[in-house]
1. Can you find, within the range B:215-261, the residue that is farthest from the other protein chains (Cβ to nearest Cβ) among those that are hydrophobic (A, V, I, L, M, F, W, C) and touching a residue at least 60 places away in the same chain (Cβ under 8 Å)?
2. For the structure I just gave you, tell me whether B:THR207 is polar (S, T, N, Q), touching an Asp or Glu at 6+ places or on another chain (Cβ under 9 Å) and in the same structural domain as B:ALA251 (by TED's automatic domain parsing).
3. I need the full set of residues from the range A:1-41 which are under 27 Å from A:PHE224 (Cβ atoms), within 14 Å of chain B (Cβ to nearest Cβ) and among the small types (Gly, Ala, Ser), in order please.
4. Where the second residue is surrounded by fewer than 18 Cβ atoms within 10 Å (Cβ to Cβ) and hydrophobic (A, V, I, L, M, F, W, C) and the first is under 18 Å from A:THR164 (Cβ atoms) and lies in the range A:186-210, which pairs have Cβ atoms under 9 Å and are six or more apart or on separate chains?
5. Being more than 14 Å from chain B (Cβ to nearest Cβ), under 30 Å from B:VAL206 (Cβ atoms) and either part of a loop (DSSP other than H, G, I, E, B) or of a type in the set (Asp, Glu) (or both) narrows it down to one of A:ILE191, A:ILE210, A:ILE285, A:ILE291, so name that one.
6. Has the range B:79-91 got any residue that is surrounded by fewer than 22 Cβ atoms within 10 Å (Cβ to Cβ) and without any contact (Cβ under 8 Å) to a residue 12 or more places away in the chain?
7. Tell me, which residue of the range B:113-141 that is surrounded by 19 or more Cβ atoms within 10 Å (Cβ to Cβ) and among the hydroxyl-bearing types (Ser, Thr, Tyr) is farthest from B:GLY181 (Cα to Cα)?
8. Please find, within the range B:163-197, the residue that is surrounded by the most Cβ atoms within 10 Å (Cβ to Cβ) out of those that are over 16 Å from B:ILE240 (Cβ atoms) and in contact with a Pro (Cβ under 9 Å, 6 or more places away or on another chain).
Amino acid sequence: MDYFIELLFSGLTRGSIYALIALGYTMVYGIIGLINFAHGEIYMIGAFTAFIVATILSILGFPALAIIVLAGLAAVVWSASYGYTIEKIAYKPLRHAPRLSPLISAIGMSMFLQNYVLLAQTSDFLPFPQLISDFNFMEPVAHIVGSTDLVILVTTTVVMICLTILIKYTKIGKAMRATSQDRMMAMLVGINVNRIISVTFIIGSSLAAIGGMLIASHIGQINFYIGFIAGIKAFTAAVLGGIGSIPGAVLGSVVLGLTESFATGYVSSDYEDVFAFSLLVLILIFKPSGILGKADTQKV
Amino acid sequence: MSMSLNRKIVAAAAGLMLAIAVPVAGVAADTLKMGVVGPHSGDLASYGLPSVNAAKILVEQINAAGGINGKQIELLIEDTVCDAKTATDVATKLVSDGAQFVLGGICSGSTKAALPIYLDAGILVMSPSATNPGLTQSGDYPNFFRTIAPDDAQAQLDVDFAIDKMGYKKIAVVHDKGDYGKGFAEFAKMFIEKNGNAEVVLFEGVTPGAVDYSAIVQKIKQSGAETVMFGGYHPEASKIVTMMKKKRLDASFISDDGVKDITFIKVAGEFAEGAYASGPMDTSSNPLSKAAVEAHKKEFGSDPGAFYENAYSAVLAMANAVKVAGSTDLEALKKALQTEKVDTPVGTISFDERGDAIGVGFSVYQVQNGTFVELK
């Protein structure tokens with residue numbers, strides 16, 4: 001039973017990690033129907049920014065909490081400005097082009113950013129400081145769920161709730177939903193669609209930055225390539241849950257994380273990805289739009 | 001149009017004939033020709049260029065001292081980019097250029113591809129770095145020798161260390177699914193089973209680059225392993241040791257020379273403390289090694305790179321074999337290599353009948369206070 005609980009929490013942590021990245025994918029897709037392949041790189045840039053700021057602040061002797069807040073803030077601002085700029089440079093000019101064009105543009109952006117960080121920073125693995133120190137009250141259960149795991153779980157939950165509230169109950173959320181449902185009509189009733197799209201990119205990128213900081217702190221290392229694999233998995237999770245749906249992204253991520261964790265625990269970690277992607281295929285066979293996705297024939 | 005094309009082809013063919021004819025005529029001259037092959041450009045150039053430097057330094061010394069048995073050595077340096085196709089082309093070229101022995105083959109794969117061509121021509125090949133066990137153990141390449149221990153020697157050492165020295169009974173073998181890591185892990189598993197005093201409680205591959213390794217760590221904990229033997233490179237190793245400490249798993253960690261890298265300690269920090277990793281024996285106290293490094297600094301103004309000392313030793317061993325054998329006949333050279341002991345930077349070495357150097361090996365290191373300390 002202990003073993004089961006250990007695996008359960010491993011899976012939940014992993015799922016929450018995926019969710020922090022998947023939310024950005026799903027939001028952008030929900031608004032403009034684009035799979036933003038550069039999202040994983042935004043996550044990586046967030047991690048790098050947090051790394052640089054945290055390193056400088058810890059040399060200057062700031063207290064731990066201040067380092068987390070300031071590094072997080074810097075990562076959010078920096079990543080958000082990247083997200084905003086990428087949308088303006090790589091996607092906006094292609095808004096009326098065939099759907100394949102912005103997709104290719106996104107892949108190109110992803111490669112560009114990877115190589116940019118490779119050249120501007122380093123190809124080596126860098127040690128990411130452990131920003132979240134071990135809480136004393138967690139010690140009795142530390143072998144099951146660590147302090148960083150807890151912070152990731154709580155952050156993901158809070159972020160998901162905040163996003164749902166934002167989209168359901170605020171003015172900007174209403175505008176987002178309108179844009180998502182019918183961009184032309186939204187424009188006609190006076191919604192500034194370009195601004196809504198920019199805001200979406202900024203929110204998505206900010207989430208990726210927070211994810212980047214927390215996940216890097218959990219793993220303890222970063223390099224220019226971390227965005228790729230994390231991005232692919234998060235994308236899978238978003239599709240699994242129904243791309244375009246916020247609760248779907250979180251649910252898909254948790255399902256994916258748990259599948260991988262239990263596959264490792266009870267079968268073999270050699271087959272972790274086999275189980276994860278078999279599950280994806282199975283769900284898509286029976287529910288092509290994902291677990292919580294709405295069937296939307298217009299977008300085909 | 002077609003006439004001029006035909007003429008061009010004829011001219012090219014004639015040129016080619018000439019190009020082949022000249023080196024063949026050159027064999028008659030009284031020099032020894034040593035091929036130096038390896039990646040001299042591209043991603044892996046840093047593994048190949050130190051061998052070129054070693055060859056240049058030693059050949060200059062040997063030639064200045066009157067050569068081998070009165071013959072000067074001439075270097076034929078060729079770039080293989082560690083690519084199998086290029087390596088076979090290079091081999092053909094070296095054979096036609098009259099190379100009599102070859103230093104190199106840096107990467108196992110491309111070396112293996114080129115070996116049959118050298119074998120057909122009866123040319124001795126000695127690698128400073130190709131560690132694939134099959135190169136010597138298959139018996140397919142009697143012309144192949146190397147001055148580095150094969151991968152399985154390392155697995156054997158780690159297994160002996162874990163079982164005989166540390167007395168572990170339960171060992172979890174984990175790898176990164178790559179050629180190198182999985183190869184190491186499979187040898188480790190085989191040697192543990194052969195030893196019989198310990199059992200493999202877990203044998204699994206992890207996905208490199210995954211965001212979280214807690215599930216596999218929980219599984220290792222569940223298996224009751226006293227130590228984790230890991231085949232792979234340092235990025236995964238540091239994630240695993242970090243997660244082991246975080247999940248309060250009190251097992252030790254033993255790994256290979258892909259982990260014995262200072263980056264491992266830098267990245268895993270305090271979590272790396274106490275981890276074991278095997279790597280080439282520390283030869284820095286050997287006076288010949290010091291001299292070799294000094295010579296490189298004097299000649300090239302920098303510290304030598306990867307496999308420099310192994311290449312230096314290979315040139316010394318081959319030069320000595322040629323001297324003793326009095327010819328470059330493959331059988332005579334092999335006999336000399338197997339019987340004559342040579343003092344080299346990597347130790348006093350000779351070769352076994354398969355072509356592996358005796359006296360070159362690995363040591364187990366432990367991370368202590370942020371550095372690797374060799375365990376005697």
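The values are calculated or read from the model by the stated rules, or taken from the named source; none is laboratory data. Values in this document were obtained by computation on a predicted structure and should not be read as measured data. As a convention, Cβ positions derive from the backbone with ideal geometry for all residues, glycine included, and neighbour counts pool all protein chains shown.
1. Just the residues of the range B:215-261 that are hydrophobic (A, V, I, L, M, F, W, C), to begin with: B:215-217, B:220, B:225, B:228-230, B:237, B:240-241, B:243-244, B:249, B:251, B:253-254, B:259.
Imposing the further condition that a residue be touching a residue at least 60 places away in the same chain (Cβ under 8 Å) reduces the set to B:229, B:240, B:251, B:254.
On the way: B:MET229: 15, B:ILE240: 11, B:ALA251: 13, B:ILE254: 19 Å.
So, considering only residues that are hydrophobic (A, V, I, L, M, F, W, C) and touching a residue at least 60 places away in the same chain (Cβ under 8 Å), the one farthest from the other protein chains (Cβ to nearest Cβ) is B:ILE254.
2. Values: polar (S, T, N, Q): yes; touching an Asp or Glu at 6+ places or on another chain (Cβ under 9 Å): yes; in the same structural domain as B:ALA251 (by TED's automatic domain parsing): yes.
Taking the combined requirement at face value, the residue satisfies it.
3. Across the range A:1-41, the qualifying residues are A:SER10, A:GLY15, A:SER16, A:ALA19, A:ALA22, A:GLY40.
4. What qualifies is A:ILE196/A:ILE172; A:ILE196/A:ALA178; A:VAL199/A:ILE172; A:ILE203/A:LEU166; A:SER206/A:VAL77.
5. Details: A:ILE191 fails: under 30 Å from B:VAL206 (Cβ atoms); A:ILE210 fails: either part of a loop (DSSP other than H, G, I, E, B) or of a type in the set (Asp, Glu) (or both); A:ILE285 fails: either part of a loop (DSSP other than H, G, I, E, B) or of a type in the set (Asp, Glu) (or both).
Criteria check complete, one pass: A:ILE291.
6. Start the filter on the range B:79-91 by keeping residues that are surrounded by fewer than 22 Cβ atoms within 10 Å (Cβ to Cβ), which leaves B:79, B:81, B:83-86, B:88-89.
Okay, now just the ones that are also without any contact (Cβ under 8 Å) to a residue 12 or more places away in the chain, so B:89.
Yes, the range B:79-91 contains a residue that is surrounded by fewer than 22 Cβ atoms within 10 Å (Cβ to Cβ) and without any contact (Cβ under 8 Å) to a residue 12 or more places away in the chain.
7. Filtering the range B:113-141 for residues that are surrounded by 19 or more Cβ atoms within 10 Å (Cβ to Cβ) and among the hydroxyl-bearing types (Ser, Thr, Tyr), the one farthest from B:GLY181 (Cα to Cα) comes out as B:TYR118.
8. It comes out as B:PHE187.
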